[in-house]
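For reference, the structure is listed below as structure tokens.
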Amino acid sequence: QMWEEAIALGKELAEQYENEMFDYEQLSELLRKQAQFYENIVKVIRPKPDYFAVGYYGQGFPTFIRNKVFIYRGKEYERREDFEARLLTQFPNAEKMKTTSPPGDDIKNSSGQYIQCFTVKPKLDLPSKFHRPVSEQIVSFYRVNEVQRFEYSRPVRKGEKNPDNEFANMWIERTIYVTAYKLPGILRWFEVKSVFMVEISPLENAIETMQLTNDKINNMVQQHLNDPNLPINPLSMLLNGIVDPAVMGGFANYEKAFFTEKYMHEHPEDHDKIEKLKDLIAWQIPFLAEGIRIHGEKVTEALRPFHERMEACFRQLKDKVEKQYGVRAVLSSLDDRRGSRPRSMVRSFTMPSSSRPLSVASVSSISSDSTPSRPGSDGFVLEPLLPKKMHSRSQDKLDKDDLDKDKKEKKKEKRNSKHQEIFDKEFKSTDISLQQSEAVILSETISPLRPQRPKSQVINVISSERRFSVSPSPPSSQVTPPPITPRTKLAFSIQSNLELNGMSSSNIPDVPPPLPLKGSMADYGNLMESQDLISPTTSPPAHQRVSP
């Protein structure tokens with residue numbers, strides 16, 4: 001779960017994949033892993049292992065550990081008793097020391113084996129990149145990882161004992177251990193290379209205690225803001241222990257010990273430290289207020305009386321502190337110390353779907369629904385409205401025509417002139433506007449799969465305002481397309497209940513006129529007006545003859 005180290009190694013690999021190997025598939029997979037690691041850092045709560053100082057004293061130990069002190073990193077949720085039991089199994093003849101003070105020469109020079117073990121606290125050493133307050137979830141990793149300095153504190157009383165207030169003369173003797181390498185490393189334990197000791201005065205101890213308490217409240221409040229599903233019991237115990245004076249006495253003991261005229265007169269050099277302690281006490285109020293607010297939102301009905309009592313104690317404490325030490329800003333101080341992101345950074349920039357402009361692909365797809373442009377689509381027959389344009393397109397397909405080029409040009413000119421004459425005559429004499437249905441009728445009349453109609457029927461169909469319902473003919477009347485036709489077209493037939501040019505279906509002759517000579521592509525453009533070129537073999541077979 002050391003995702004921070006995995007991210008550092010992943011960045012080295014990403015540099016190779018991106019700029020050296022150009023393996024973008026591996027790069028994308030690696031970046032997805034890094035994204036998951038960053039999410040784990042913020043959301044997953046990792047256990048904090050304990051660190052233990054172990055001293056091996058006596059001549060009975062091997063030389064590489066004899067009379068030396070090592071710092072061990074314990075396993076997850078491993079207590080000191082469990083660690084000692086695990087350690088003593090390796091040295092069954094060793095004797096466990098009862099004190100934490102350094103042993104004398106008599107123990108070091110003895111022939112036995114003596115093991116001294118106690119818990120040490122790692123000292124936070126934040127990387128330089130954290131130049132501003134950040135989330136506790138991010139900082140918590142560096143509290144127990146990448147640490148090289150450890151401290152152990154022992155209380156020492158100096159001067160006369162005060163039965164009313166034990167904080168007045170309680171000094172702290174703090175021992176600092178510096179290891180050869182940072183923990184954890186390739187090993188879970190490293191040798192201590194240097195040891196030094198410092199003494200902490202009672203006032204300095206009070207300042208440290210208040211600072212730790214404020215940080216603890218702030219961190220727990222931030223955890224509940226980030227994850228509303230956290231249990232409320234740890235927050236209840238923490239707030240009640242600080243707010244209710246009957247539990248631990250609160251900071252009233254500091255006021256009795258250090259905020260008196262006698263102490264200030266005897267220790268004038270501690271004036272700045274006293275002011276700092278007062279400032280920490282004042283800063284505790286906004287942190288407590290935020291914690292109690294969250295507690296009130298999450299408290300159950302069974303704990304409601306407990307919460308109301310805690311609120312009453314907090315109101316009294318708040319009035320007293322604000323009167324003596326001043327008021328501290330609530331919102332700005334909490335946001336700055338939490339290091340939370342401003343809300344403007346997490347706004348959603350998703351635009352409503354109705355206001356989004358259509359893309360080029362969307363516009364083209366909409367416009368292409370009514371005007372198909374693919375040469376092989378069925379709508380290609382319905383697209384042209386003018387005969388000239390239609391014939392020019394059909395003429396492009398005559399690649400395998402056996403007739404010479406001059407005959408084609410003559411037929412094309414003759415055909416276009418006749419059709420243009422028909423269109424000019426009809427459309428100039430009538431005021432009927434062209435509609436899309438008429439375009440369909442035109443395409444039906446020029447379908448190459450149907451026999452050519454007489455000119456009188458073509459003129460009357462165009463001039464009529466009736467709309468014909470076009471449907472595929474039954475299988476018995478379908479015309480088999482030539483094998484060289486690139487696509488299959490539907491043969492269209494007019495319903496029998498319609499009348500053409502005043503003639504009923506009974507009056508129409510059964511035998512249609514003979515088909516003209518067809519070209520290689522079976523196109524309407526190959527139809528000829530001259531009957532001289534029609535061969536006797538161009539009449540359709542019996543099974544292909546249909547009644548209009």
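The values are calculated or read from the model by the stated rules, or taken from the named source; none is laboratory data. Since this is a predicted model, take the numbers as computed values, not measurements. Because the Cβ atoms are built from the backbone with ideal geometry, glycine has one as well, and the counts that use them run over all protein chains shown. In case anyone asks, the SASA skips ligands and DNA or RNA and just uses the protein heavy atoms, side chains included. Shrake-Rupley method; radii C 1.70, N 1.55, O 1.52, S 1.80 Å.
With the requirement that a residue be in contact (Cβ under 8 Å) with a residue 12 or more places away in the chain and not hydrophobic (A, V, I, L, M, F, W, C), what does the stretch 197-215 give you?
Hits for the stretch 197-215 are 199, 201, 202, 204, 205, 211, 213, 214.
Report, by residue number, each residue of the stretch 142-158 that is open to solvent by 40 Å² or more (accessible area, probe 1.4 Å), polar (S, T, N, Q) and under 20 Å from residue 191 (Cβ atoms).
The one that is open to solvent by 40 Å² or more (accessible area, probe 1.4 Å), polar (S, T, N, Q) and under 20 Å from residue 191 (Cβ atoms): 148.
This table checks each residue for (1) of a type outside the set (Asp, Glu); (2) part of a helix (DSSP H, G or I).
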| site | (1), (2) |
| --- | --- |
| 229 | yes, no |
| 269 | no, yes |
| 275 | no, yes |
| 278 | yes, yes |
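Within the stretch 200-226, count every residue that is in a loop (DSSP other than H, G, I, E, B) and either open to solvent by 70 Å² or more (accessible area, probe 1.4 Å) or in contact with a Lys or Arg (Cβ under 8 Å, 6 or more places away or on another chain) (or both).
Total meeting the criteria: 0.
If a residue has to be in contact (Cβ under 8 Å) with a residue 24 or more places away in the chain and part of a helix (DSSP H, G or I) to count, how many in the stretch 231-242 make the cut?
The number of residues fulfilling the criteria is 6.
For the stretch 19-47, enumerate the residues that are charged (D, E, K, R) and either in contact (Cβ under 8 Å) with a residue 60 or more places away in the chain or under 28 Å from residue 134 (Cβ atoms) (or both).
32, 33, 39, 43, 46
Considering only the stretch 24-126, give the helices (runs of 4 or more DSSP H) lying wholly within it that have at least 1 residues that are open to solvent by 70 Å² or more (accessible area, probe 1.4 Å), acidic (Asp, Glu) and under 23 Å from residue 151 (Cα atoms).
Qualifying helices (runs of 4 or more DSSP H): 80-88.
Tell me the residue from 161, 182, 193 that is under 30 Å from residue 41 (Cβ atoms), among the charged types (D, E, K, R) and exposed (fewer than 14 other Cβ atoms within 10 Å of the Cβ), please.
Answer to the check: 182.
In the stretch 247-289, how many are polar (S, T, N, Q) and closer than 16 Å to residue 202 by Cβ?
Count: 2.
Hey, residue 170 hits all of (1) in contact (Cβ under 8 Å) with a residue 24 or more places away in the chain; (2) more than 26 Å from residue 124 (Cβ to Cβ) but one; which does it fall short on?
Condition (2) is where residue 170 drops out.
Could you list, in sequence order, the residues of the stretch 8-23 that are within 30 Å of residue 227 (Cα to Cα) and exposed (fewer than 15 other Cβ atoms within 10 Å of the Cβ)?
Result: 8, 9, 11.
If a residue must be part of a loop (DSSP other than H, G, I, E, B), of a type outside the set (Val, Ile, Thr) and within 28 Å of the chain's Cα centre (by Cα), how many such residues does the stretch 127-140 contain?
Qualifying residue count for the region: 7.
Return yes or no: is residue 196 of a type in the set (A, V, I, L, M, F, W, C), in a strand (DSSP E or B) and in the same structural domain as residue 54 (by the TED database)?
yes
Take the residues in the stretch 173-192 that are in contact (Cβ under 8 Å) with a residue 40 or more places away in the chain and β-branched (Val, Ile, Thr); name whichever of them is nearest to residue 38 (Cα to Cα).
Among them, the one singled out is 179.
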